[in-house]
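Following: one structure in structure tokens, then a few remarks.
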Amino acid sequence: AQSVTQLDSQVPVFEEAPVELRCNYSSSVSVYLFWYVQYPNQGLQLLLKYLSGSTLVESINGFEAEFNKSQTSFHLRKPSVHISDTAEYFCAVTLVNAGNMLTFGGGTRLMVKP
Amino acid sequence: DGGITQSPKYLFRKEGQNVTLSCEQNLNHDAMYWYRQDPGQGLRLIYYSQIVNDFQKGDIAEGYSVSREKKESFPLTVTSAQKNPTAFYLCASSQGAEGTEAFFGQGTRLTVV
């Protein structure tokens with residue numbers, strides 16, 4: 001069975017500072033990788049995903065994540081955060097050739113302070 | 001506008017009562033999912049359906065039931081057998097093809113008293 005571990009449950013950071021949200025996964029088969037963002041009392045929105053090709057993927061709002069197969073990681077980074085980035089971030093995987101069911105990590109709450 | 005609609009947003013029920021959460025989508029997606037969200041545990045899959053009139057149990061199906069009589073609708077019933085039903089419930093849909101984005105509803109917060 002596959003699993004996803006997000007190593008930090010909360011990450012406080014000052015505005016305009018860089019941030020990294022860590023994600024590691026475990027699976028005996030190949031996976032697709034996703035980062036979703038959830039604002040308070042709302043559903044989840046896709047931030048970015050890795051399916052194949054370049055291991056560095058970017059979102060439209062300045063986030064990026066790098067797939068590292070040897071370390072089974074998919075850490076999310078942003079060089080300069082804004083107050084509006086305050087939210088909960090979820091890392092998730094689906095198995096290749098096994099449907100589209102997402103397995104989520106426990107989530108990381110990013111708290112950006114002025 | 002296309003999207004997923006969950007209703008109601010907040011729901012209160014007495015212990016021992018069954019309750020049904022609504023999920024409707026107009027994205028023409030084949031696949032639909034129900035997840036349960038608890039603090040610190042992320043989202044866990046309750047049930048999923050990849051096609052009309054067919055559905056499969058997820059990781060935590062005990063105490064829940066679903067139906068998929070129409071492509072647009074995937075209601076979830078929380079039965080009295082569910083030992084700890086208070087949670088935030090999220091419905092999602094996707095085209096079904098691997099690697100495609102899942103679109104989520106706004107969620108229903110169920111509180112059982």
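Considering only residues that are open to solvent by 30 Å² or more (accessible area, probe 1.4 Å) and either of a type in the set (Phe, Trp, Tyr) or over 21 Å from A:Met101 (Cβ atoms) (or both), which ones fall in segment B:71-92?
B:Thr79, B:Ser80, B:Ala81, B:Lys83, B:Asn84, B:Thr86
Any idea which residue in segment A:79-105 is nearest to the other protein chains (Cβ to nearest Cβ), counting only those that are open to solvent by 10 Å² or more (accessible area, probe 1.4 Å) and under 11 Å from the mean Cα position of the chain (by Cα)?
Applying the filter and picking the extreme gives A:Phe104.
Among the residues of segment B:75-107, how many are more than 14 Å from chain A (Cβ to nearest Cβ) and not in a strand (DSSP E or B)?
First, the residues of segment B:75-107 that are more than 14 Å from chain A (Cβ to nearest Cβ): B:75-86.
Adding the requirement that they be not in a strand (DSSP E or B) leaves B:75, B:79-86.
Matching residues across segment B:75-107 total 9.
Let me confirm something: among B:Asp30, B:Asp59, which residue is over 27 Å from A:Glu88 (Cα atoms) and within 11 Å of chain A (Cβ to nearest Cβ)?
One residue alone meets the criteria, B:Asp30.
May I ask you to list the residues in segment A:6-54 that are more than 22 Å from B:Thr100 (Cα to Cα) and open to solvent by 50 Å² or more (accessible area, probe 1.4 Å)?
Result: A:Leu7, A:Ser9, A:Gln10, A:Pro12, A:Phe14, A:Glu15, A:Glu16, A:Pro18, A:Glu20, A:Arg22, A:Pro40, A:Asn41.
Anything in segment A:14-34 that is among the aromatic types (Phe, Trp, Tyr) and either within 19 Å of A:Ser70 (Cα to Cα) or touching a His at 6+ places or on another chain (Cβ under 6 Å) (or both)? List them, or say none.
Answer for segment A:14-34, where residues must be among the aromatic types (Phe, Trp, Tyr) and either within 19 Å of A:Ser70 (Cα to Cα) or touching a His at 6+ places or on another chain (Cβ under 6 Å) (or both): A:Tyr25, A:Tyr32, A:Phe34.
Restricting the first residue to segment B:29-55 and requiring it to be closer than 27 Å to A:Arg109 by Cβ, which pairs with a second residue that is among the acidic types (Asp, Glu) meet a Cβ separation below 9 Å and a spacing of at least six or different chains?
B:Arg44/B:Asp38; B:Arg44/B:Asp59; B:Leu45/B:Asp59; B:Ile46/B:Asp59
Among (1) open to solvent by 60 Å² or more (accessible area, probe 1.4 Å); (2) under 29 Å from A:Leu7 (Cα atoms), which single condition is B:Gln95 missing?
Only one criterion in (1) open to solvent by 60 Å² or more (accessible area, probe 1.4 Å); (2) under 29 Å from A:Leu7 (Cα atoms) is unmet by B:Gln95, namely (2).
Every residue, every condition in (1) of a type in the set (A, V, I, L, M); (2) modelled with pLDDT of 95 or more, yes or no:
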site	(1), (2)
A:Leu47	yes, yes
A:Ser52	no, no
A:Ala65	yes, yes
A:Ser70	no, no
A:Ser80	no, yes
A:Ala87	yes, yes
A:Thr94	no, no
A:Asn100	no, no
A:Leu110	yes, yes
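Scan segment A:36-47 and tell me whether some residue there is part of a strand (DSSP E or B), free of Cβ contacts under 8 Å to residues at least 40 places away in the same chain and under 26 Å from B:Leu45 (Cα atoms).
Scanning segment A:36-47 turns up at least one residue that is part of a strand (DSSP E or B), free of Cβ contacts under 8 Å to residues at least 40 places away in the same chain and under 26 Å from B:Leu45 (Cα atoms).
So A:Leu56 ticks every box in (1) away from chain B (no Cβ under 12 Å); (2) closer than 30 Å to B:Gln50 by Cβ but one. Which box is left unticked?
A:Leu56 satisfies all of (1) away from chain B (no Cβ under 12 Å); (2) closer than 30 Å to B:Gln50 by Cβ except (2).
Determine which single condition A:Val112 fails, assuming it passes every other condition in (1) within 14 Å of chain B (Cβ to nearest Cβ); (2) over 19 Å from A:Leu56 (Cβ atoms); (3) open to solvent by less than 30 Å² (accessible area, probe 1.4 Å); (4) not in a loop (DSSP other than H, G, I, E, B).
Of everything listed in (1) within 14 Å of chain B (Cβ to nearest Cβ); (2) over 19 Å from A:Leu56 (Cβ atoms); (3) open to solvent by less than 30 Å² (accessible area, probe 1.4 Å); (4) not in a loop (DSSP other than H, G, I, E, B), A:Val112 misses just condition (1).
Condition check: β-branched (Val, Ile, Thr) and under 27 Å from A:Phe34 (Cα atoms). Does B:Val66 satisfy that?
Taking the combined requirement at face value, the residue satisfies it.
The values are calculated or read from the model by the stated rules, or taken from the named source; none is laboratory data. Values in this document were obtained by computation on a predicted structure and should not be read as measured data. Please note: Cβ atoms are built from the backbone with ideal geometry, for glycine as well, and neighbour counts cover all protein chains shown. Quick note on the areas: whole protein, heavy atoms, side chains included, nothing else; ligands and nucleic acids left out. Shrake-Rupley method; radii C 1.70, N 1.55, O 1.52, S 1.80 Å.
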